[in-house]
1. Suppose accessible area is computed on protein heavy atoms with a 1.4 Å probe; arrange 136, 319 from highest to lowest.
2. Would you mind computing, in nm to one decimal, how far apart the modelled labels at residue 89 and residue 338 are, each placed 7 Å from Cα along Cα→Cβ?
3. Less than 16 Å apart at the alpha-carbon level, and either on another chain or at least 8 residues along: which lysines does that give for residue 218?
4. How much accessible area per residue does the stretch 214-297 have, counting only protein heavy atoms and a probe of 1.4 Å, in square angstrom?
5. Suppose all protein chains stay in the model; what accessible area per residue would a 1.4 Å probe give for the stretch 108-196, in Å²?
6. Pop out the ³J(HN,Hα) list for the stretch 144-156 in order, Karplus 6.51 cos²θ - 1.76 cosθ + 1.60 with θ = phi - 60°, rounded to Hz; leave Gly and Pro as x.
7. Scan around residue 115 for amide H atoms under 5 Å from its own, H built in the peptide plane at 1.01 Å from N, and keep only partners 5 or more places away or cross-chain.
8. How high is the relative contact order of the chain, in percent, with contacts defined as C-alpha pairs under 8 Å that are six or more residues apart?
Amino acid sequence: MHMRTLMLFCMLGAAAAAAQQPGIRFRTGTWQEALNAARAERKLIFVDAYTEWCGPCKAMVRNTFPNPQVAEYFNAHFINLQLDMEKGEGPAFAARYQVTAYPTLLFINYRGDVVHQALGYRDPAGLANEGRIANDPARNAETLALMVAEGSKEPEVLLRHALNLRQQGKPFQEAAAAYFSTQTEKDLASPANWEAIRLLCTDAESREFAWLTARRSKLAKAYGQQAVEDKIREVLRAHTIRAGLTRSQTQYETALRLAQAGLDDGGQFAARLRMTYAEAQADWGAYGAAASAYFGRYTVTDPKELSRAASLAAAHIQDPALHRQALGWARQSAALDMAFYTQEPYARLLYLLEEYPEALKAAYVARNLAGNDAAAQETADRLIRDIRATSAGR
């Protein structure tokens with residue numbers, strides 16, 4: 001066979017294989033070329049904004065993009081593009097579109113305007129749903145925002161707009177309040193409004209939060225006690241953080257009162273809020289006292305909670321007696337989950353308490369647990385150097 005003929009067959013075969021390749025077909029080329037293609041083909045651009053180190057991004061590559069139904073829809077309706085936010089055109093794209101979390105999934109028209117956006121991992125059904133919303137002028141984020149700006153009071157429009165803002169990582173509280181103002185107390189009892197409250201309620205002094213806490217027993221039967229109590233805790237914690245940042249003693253006391261009235265936990269969450277308030281104010285003396293009281297009175301089995309308190313005590317508190325207490329929290333945390341985030345505070349507290357041999361041993365364990373995390377590796381290496389230098393100088 002003639003060489004040119006053979007090459008032509010190879011090229012045709014490669015093209016056929018590419019056409020038959022399962023999954024979403026992501027184009028190569030520049031961002032401007034994608035815009036040009038969107039104009040020529042009258043399609044939106046779907047952008048998977050990712051980073052190499054992002055776990056959920058990799059999970060979508062494995063689980064979502066190869067799905068035949070998703071691929072069929074996206075290949076037919078969108079110009080598909082993957083952009084690494086840390087390479088090539090990625091940083092400029094991230095700055096323009098304010099991409100700060102990964103993956104960010106954007107649907108952009110040929111003018112470069114975002115018409116719809118979603119944050120985080122989507123399974124095949126979830127991504128297909130986002131694509132259909134983006135392609136529906138009556139439902140995509142751009143249309144909803146315009147309708148709200150023009151004064152729409154339709155509850156469905158207001159709700160979708162608030163949910164879109166939340167999904168995009170944008171402030172949504174004002175939009176949520178506008179939606180909830182259209183709902184009567186009878187309306188709030190619907191399953192759809194439980195979901196709206198679960199996703200959009202953030203104000204502990206709002207009517208919908210008061211409704212939630214007053215009916216928590218009934219709601220627990222319908223949706224599960226854990227889900228209802230988790231929502232109450234989420235709102236009260238956010239309220240307490242805002243109170244701490246603004247140094248509002250009144251708002252803080254409101255959160256404490258609502259925690260004691262709205263949760264049957266013997267005052268445990270209210271005690272935890274005292275730590276949250278002190279941390280938000282960076283009042284480390286108050287934080288140490290609140291943490292000592294909290295862990296001294298209540299049984300805590302969450303390794304992240306124990307480790308965070310131990311880490312903050314090591315970083316911000318100078319009192320050796322408190323360090324000794326925090327060492328107990330760190331030791332318990334490491335026993336519950338042997339990981340870098342539990343072992344490093346344990347090693348650091350041993351170092352602060354001048355127990356150098358044990359501190360060095362724990363620091364090496366932390367270093368081994370750092371895996372491929374460069375920042376964790378450097379933290380552990382620095383701690384190892386500090387322990388060695390200090391112990392050698394004694």
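The values are calculated or read from the model by the stated rules, or taken from the named source; none is laboratory data. Quick caveat: nothing in here was measured; it's all calculated off a predicted structure. Reconstructed Cβ throughout: ideal geometry from the backbone, glycine too, with neighbour counts over all protein chains shown. For accessibility, only protein heavy atoms count, side chains too; no ligands or nucleic acids. Shrake-Rupley method; radii C 1.70, N 1.55, O 1.52, S 1.80 Å.
1. Details: 136 50, 319 75 Å².
Sorted descending by solvent-accessible area, the residues read 319, 136.
2. 4.8
3. 186, 231
4. Averaged over the residues of the stretch 214-297, the accessible area is 51 Å².
5. On a per-residue basis, the stretch 108-196 sits at 50 Å².
6. 4, 4, 5, 4, 5, 4, 8, x, 4, 10, 5, x, 5
7. Under 5 Å from the amide H of residue 115 lie the amide H atoms of 107, 108, 109, each far enough along the sequence or on another chain.
8. 7
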